[in-house]
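Quick notes on the structure that follows.
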Amino acid sequence: MGANVIDGYVTDLGSRLRGSRRQVRDLLTETRDSLTDAAEAHLGRGLTEQEAQERAVDEFGEVREIANEYQAELAVAYGTRTLVWLAIVLPLMHMAWEYGRMLLIGPWQDFGTMPPSWYLVVAKANDLTSGIASGVALVALVLGRLVARRYDTRLLARLAASIALCAVAAVLLGNASIILATAHVDPARLVQSLPMTIASLVTWIVIVRLGLLARRCLSCATIVA
């Protein structure tokens, strides 16, 4: 096995972890440093380099158990990051879009005829969706910090991922609904302004990005055994 026991242990550990690359790298660096310090201490007691590294690895813990602990930590961090993005990005994105609509297109009555009442209900529901999703994400963040020490981090990670996915799904549904409703009432309204068309595309890109982030969050949390 040579004197590369620590390298093999860290490599094996890294292959089992999923999450932020920076956080994974930091955890592996801390692990390597701890193992190296322990091995140096054993060298001072008269062990050979390989024996010292093997002793340090044995004392540190079995790879699967350590990976489980680290993965739970990574999953919670990923979930927190996802919820923060949802809490901040969704309301900012919605306010920017609404401001652009009022500036470049104008209120609904400026179209000549008011849209049917059911359309306004769909529009209102879509407006509320981003705010509600953002609020739920914010509440989840606060509650998560309050109960983090009382409940299993694995459960909290899965809950954060599930909340994030549901929030993104709700926003996607709201945006899809208003687009379909607009196409039904007056398709021309979908292309009233080139800047707003671009803004709509950017909005969809951001939503899809948030969805991918939430999906990775769930994947990261699910790996925890």
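Treating only the Cβ atoms of Lys and Arg (+1) and Asp and Glu (-1) as charged, compute the dipole magnitude of the chain about its Cα centre; round to the nearest 20 debye. Could the numbers behind the result be given before it?
Working: 21 positive and 21 negative charges, 210 e Å.
In debye, rounded to 20, the chain gives about 1000.
Magnitude of the charge dipole for the range 5-61, about its Cα centre and with charges confined to Cβ atoms of Lys, Arg (+1) and Asp, Glu (-1), is about 440 debye. In degrees from 0 to 90, rounded to the nearest 10, what is the angle of the helix 153-185 Cα long axis to the longest principal axis of the chain? Computed tilt is about 20 degrees.
Between exposed trypsin sites (Lys or Arg not before Pro) in the chain, where DSSP calls loop and at most 11 other Cβ atoms lie within 10 Å, what's the longest gap? Within the chain, the longest run free of exposed trypsin sites (Lys or Arg not before Pro) spans 46-148.
Candidates N4, P116, T222 compared by Cα position along the dipole of the chain: farthest toward the positive end lies P116, with charges placed on Cβ.
How are the alpha carbon pair distances in the chain distributed across 5 Å bins from zero to the largest one, expressed in percent? All Cα pairs, binned at 5 Å, distribute as 1, 7, 12, 13, 12, 10, 9, 8, 7, 6, 5, 4, 3, 2, 1, 1, 0, 0, 0 percent. The alpha carbon centroids of the range 166-214 and the range 5-30 are separated by 39 Å.
Treating r as the C-beta distance of A169 and D33 and R0 as 35 Å, the FRET efficiency rounds to 0.25.
Computed from the alpha carbon positions, the gyration tensor of the range 1-79 leads to an equivalent ellipsoid with semi-axes of 26, 11, 10 Å, biggest first. Which whole-number percent gives the relative contact order of the range 5-61, counting Cα pairs below 8 Å spaced six or more residues apart? It rounds to 40 percent for the range 5-61.
Each label was represented as a point 7 Å from its Cα along the Cα-to-Cβ direction; for V139 and L47 these points are 5.2 nm apart. Axis angle, to the nearest 10 degrees, between helix 49-60 and the longest C-alpha principal axis of the chain: 50 degrees.
The numbers here are math on the coordinates, done by the rules we state, and not lab data. From a predicted model like this one, the values you see are computed outputs, not experimental measurements. Every residue, glycine among them, receives a Cβ derived from its backbone with ideal geometry; neighbour counts consider all protein chains shown.
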